[in-house]
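**Q** Please see the structure below; I have some questions.
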Amino acid sequence: MIALQLLINGLIAGAIYALVATGFSLIYSVCKFVHFAHGATIAFSAYFLYFLFSILGLNFGFAVVLAIAFASLLGYGMNFFVYKQLRKRKASSVILLIASFALLIFFESLILLLFGADVKTIGFIKIAKGLEFFGAIITPLQIFIVAASFVLLGLLFLFMKKTKIGKAMRAVADNKEVAEVVGISSERIYDYVFIIGSAIAGIAAILVGLEQNLEPMMGTNLMIKGFSGAIIGGIGSVPGAILGAFLLGFAENFGIWFLPSGYKDAIAFIILFAFLLFRPQGILGIKKNE
Amino acid sequence: MLKVKNLKKYFGGVKAVDGCSFEVKQGTITALIGPNGSGKTTVFNLISGILKEDSGKVIFDNIDITHFSPEAVSNIGISRLFQQTRLFNNLTVKENLLLALDNEDTKFWKNVFGFNKITKEKEEKIREMLNLVGMERFENKLAREFSYGQKRLVDLARTILNPHKLLMLDEPVAGVNPYLREEIAEILKTLKKQGEAVLLIEHDMNFTLKLADCIIVMGGGKIIAEGKPEEIKGNPKVLEAYLGE
C-alpha cells in the first residue's frame with residue numbers, strides 16, 4: 001500500500017521534473033551551454049498566470065494560453081537580447097553560464113519586487129477529495145499533471161523525430177558547423193529551441209502552480225531538480241533527461257520510506273554525486289572519447 | 001559563375017592565401033592543386049564563409065558573397081565536401097541526406113503545422129543517391145556506426161544532394177576504391193553536362209588530369225600556374241612547387 005502511494009508520488013514528482021529537465025536539456029543539447037535562467041522562466045510564467053487569473057480575473061483557459069506564450073517570449077527574449085549578443089562577441093559557454101545566473105537572479109528579484117516575498121496561490125482548483133487506487137490516494141489534478149506531462153513529452157518526441165525543424169535541431173545539436181554548411185541557420189535554430197524549451201517550462205510552471213503555492217525562488221528549486229535529472233539521464237540527451245527526472249522523482253519519494261522527509265533533497269543530491277563519480281556521462285549519455 | 005579576386009588570408013606571419021584570383025566557369029570542372037600547405041583548403045574555407053578574409057572579394061553569380069555566413073553560402077547554391085568527413089553522427093543516413101536536400105525548409109510555422117512533409121519524391125531522390133554510392137541498405141542506420149570509407153560515401157552523397165550550382169569538393173576520392181572513383185568521375189561529368197560547375201581539390205593526378213577542364217596550381221598561398229591539363233603537365237613552375245628547387 002505504502003509502496004504504491006510512494007510510486008504514485010514519485011510519478012507526479014517525476015512528471016514535473018521531466019518537463020523542467022526536458023526544456024533545459026533541449027536548450028543545452030542545441031546551444032551547448034547551461035541555461036540556468038530556465039528556472040526564472042518557470043517562476044515568472046507561474047506568477048504571470050497568477051497575475052492574469054487571480055489579480056486581473058481573466059478566463060483561466062485564456063490566461064493559461066497567455067502564460068505559455070509569455071514563457072516562450074521570455075525565453076526568446078533572453079536568447080535574443082543577452083545570449084545572442086554575447087555569442088556575437090565570441091563569448092565562451094562559461095560566460096553564457098554566468099549570464100544565465102545573472103538572468104536568474106534578476107528575474108527572481110523582479111518577482112520579489114512586483115509580487116512580494118509571501119507565497120501566492122492561483123486557486124483555480126479547489127481542494128478535491130483524492131481518488132482511491134488500490135489503497136493509494138491520487139487527486140484528479142495529479143492525474144492531470146501526469147497525463148499532461150506524458151502527452152507533452154510524447155508530442156515533443158514526435159516533433160523532434162518527424163518534423164524537419166526537429167531534425168534540424170538535432171542536426172545543430174550534433175554538429176553546428178556541418179548544419180551551417182548544409183544551409184541550416186544555427187541562430188534561427190537557437191531561437192526555435194528557446195521558444196519551444198521555454199514553452200515547455202511555461203507548461204511546467206502552470207502544472208506546478210496548480211498543485212503548489214508560488215514563491216519567488218520556486219524556479220531555482222525546480223531548476224536544480226531538472227538539472228540533476230538531466231545529468232543523471234545524460235547531459236544533452238533529451239530522452240535521458242526524462243529518464244533521469246523520473247528516476248529522481250521515484251528515488252526522492254521511496255527514500256523517505258526509510259528517512260525523514262526533510263532528507264528528500266539530500267537523496268537527490270546523493271544520487272547526483274554518485275552519478276558524477278561513477279557514471280559522469282549519465283544513463284544515456286555517451287562518453288567523450290567514444 | 002565564381003570569381004575570386006585578390007583574396008588574402010594571413011595567420012599571424014603565415015601568408016596562407018596571398019592575393020589569389022581565379023574564375024570558375026559554368027559547365028566546367030576546375031581543379032585546384034598544389035603541395036600540402038599551399039593554401040587550397042584555406043581558399044575553400046574563405047569561399048564557403050567558414051573563414052573571414054583579410055581582403056579580397058568572392059563573387060558568385062554576380063553577387064558579392066565575401067561576407068556571407070556558411071549557411072547563406074550554401075543557400076545561394078554552393079555545396080561543399082570537406083577534406084575530413086563530417087556528418088551528423090547521431091542522425092540516420094536518410095536524415096543526413098534529407099537535411100541537405102531541402103535546406104530552406106526550416107521555417108517555423110510551415111513545420112509546426114506539417115506543411116513541410118517528407119514527400120515520396122524526396123525519398124526517391126535520397127534512395128537514388130544511396131544506390132549510386134552503394135549505401136542503399138543502410139539508410140536507417142546511424143552515421144556514427146559506419147567505417148571511414150562508408151562515411152565518406154554518405155558525405156559525398158549529401159554534398160551532391162544539397163541544392164547547388166557549384167560543387168566544391170575537397171579530396172572527394174581520397175580513401176575510395178578504384179571502382180567507385182570511376183563512378184564519382186562519371187557523376188561529376190554528368191553534373192558538368194547539366195551545366196553545373198565543379199571546383200575540385202584532389203591529390204590523385206590521374207583522376208584530376210582526366211576530369212578537369214582547367215587546373216589552377218597553388219604554391220605558398222599564391223597561384224603559380226593556370227591552364228588546361230596538357231599545359232600544366234609540362235610547366236616547370238609546377239614541378240618546382242612539388243619537388244622544390
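Each value in this text was obtained by applying a stated rule to the coordinates, not by laboratory testing. Remember, predicted model here, so these are calculated numbers, not experimental data. Please note: Cβ atoms are built from the backbone with ideal geometry, for glycine as well, and neighbour counts cover all protein chains shown.
**Q** Taking the Cα centre of the range A:134-290 as origin, work out the dipole magnitude from +1 charges on Lys and Arg Cβ and -1 charges on Asp and Glu Cβ, in debye rounded to 20.
**A** Details: 12 positive and 10 negative charges, 92 e Å.
Dipole about the Cα centre, nearest 20: 440 debye.
**Q** Using a 10 Å cut-off around each Cβ, can you sort A:83, B:179, A:17 from fewest to most neighbouring Cβ atoms? It would help to have the intermediate numbers written out before the result.
**A** Values: A:83 23, B:179 9, A:17 30.
Ascending Cβ contact count within 10 Å gives the list B:179, A:83, A:17.
**Q** Using alpha-carbon positions, what is the distance between the centroids of the range B:180-221 and the range A:1-46, in Å?
**A** So the separation of the two Cα centres works out to 53 Å.
**Q** Normalised by the number of residues in the range B:2-243, what is the relative contact order in percent for Cα pairs under 8 Å and 6+ residues apart? Intermediate results must be reported in sequence, preceding the final value.
**A** Numbers: 419 pairs, mean separation 73.3, N = 242.
So the answer I get is 30 percent.
**Q** Run through every distinct alpha carbon pair of the range A:2-278 and return the Kirkwood hydrodynamic radius in angstroms, one decimal place. Don't skip to the answer; put the middle values down first.
**A** On the way: mean 1/r = 0.0523 Å⁻¹.
Every distinct Cα pair counted, the radius reaches 19.1 Å.
**Q** Ok, one more. What ranking of A:38, B:164, B:203 emerges when the number of other C-beta atoms within 10 Å of each C-beta is taken as an exposure proxy, fewest first?
**A** The most exposed by this proxy come first: B:203, B:164, A:38.
**Q** Determine by what factor the alpha-carbon radius of gyration of the protein assembly as shown differs from 2.2 N^0.38 Å, reporting the quotient.
**A** Relative to the 2.2 N^0.38 Å estimate, the protein assembly as shown comes out at 1.17.
**Q** Strictly over 20 Å apart at the Cα level, which of B:3/B:237; A:32/A:84; A:167/B:120 would you flag in this model?
**A** Correct reply: B:3/B:237.
**Q** Let me know the mean shielding of B:201-208 by other chains, meaning the per-residue number of their Cβ atoms within 10 Å of its Cβ.
**A** Other-chain Cβ atoms within 10 Å of each residue's Cβ, averaged: 0.
**Q** Please state the relative contact order of the range A:1-160 as a whole percent: Cα pairs under 8 Å, 6+ residues apart?
**A** It rounds to 37 percent for the range A:1-160.
**Q** Given A:162/B:122; B:57/B:165; B:25/B:189; B:125/B:151; B:40/B:94, which pairs have Cα atoms separated by over 21 Å?
**A** The answer is B:40/B:94.
**Q** For the protein assembly as shown, give the share of DSSP beta bridges that are antiparallel, in percent and rounded to the nearest 5; count only bridges with both residues there.
**A** Taking every DSSP beta bridge within the protein assembly as shown, about 60 percent pair in antiparallel fashion.
**Q** Separate question: Determine the relative contact order of the range A:2-278: mean sequence separation of Cα pairs under 8 Å and six or more apart, normalised by residue count, in whole percent.
**A** 40
**Q** Here's something else I'd like to know. Using the Kirkwood radius over C-alpha pairs as Rh, can you work out the diffusion coefficient of chain B via Stokes-Einstein at 37 °C, viscosity 0.692 mPa s, in µm² per second?
**A** The diffusion coefficient I find is 174 µm²/s.
**Q** Which three lengths, in whole Å and largest first, does the range A:1-109 cover when its Cα atoms are put on their principal axes?
**A** 56, 39, 23
**Q** What average number of partner chain Cβ atoms lie no more than 10 Å from the Cβ of the residues making up B:84-96?
**A** Partner-chain Cβ atoms within 10 Å, mean over residues of B:84-96: 4.
**Q** Give the long-range amide H neighbours of residue B:9: residues separated by 5 or more places, or on another chain, with amide H under 5 Å away, using H modelled in the peptide plane at 1.01 Å from N.
**A** B:16, B:17, B:18, B:19, B:54
**Q** In straight Cα distance, which lysines are under 19 Å from residue A:264, not counting same-chain residues fewer than 8 positions off?
**A** Within the straight-line limit of under 19 Å, residue A:264 reaches these lysines: A:225.
**Q** Out of all DSSP beta bridges in the range B:2-243, what portion is antiparallel? Express it as a percent rounded to 5.
**A** About 55 percent, rounded to the nearest 5.
**Q** Compare the peptides B:4-12, A:194-202 by average per-residue count of other Cβ atoms within 10 angstrom and give them in order, highest first.
**A** Ranked from most to least packed, the peptides come out as A:194-202, B:4-12.
**Q** Return B:231, A:180 ranked ascending by Cβ neighbour count within 10 Å, so the fewest neighbours appear first. Can you show the working numbers first?
**A** Numbers: B:231 13, A:180 24.
Listed from fewest to most nearby Cβ atoms, that is B:231, A:180.
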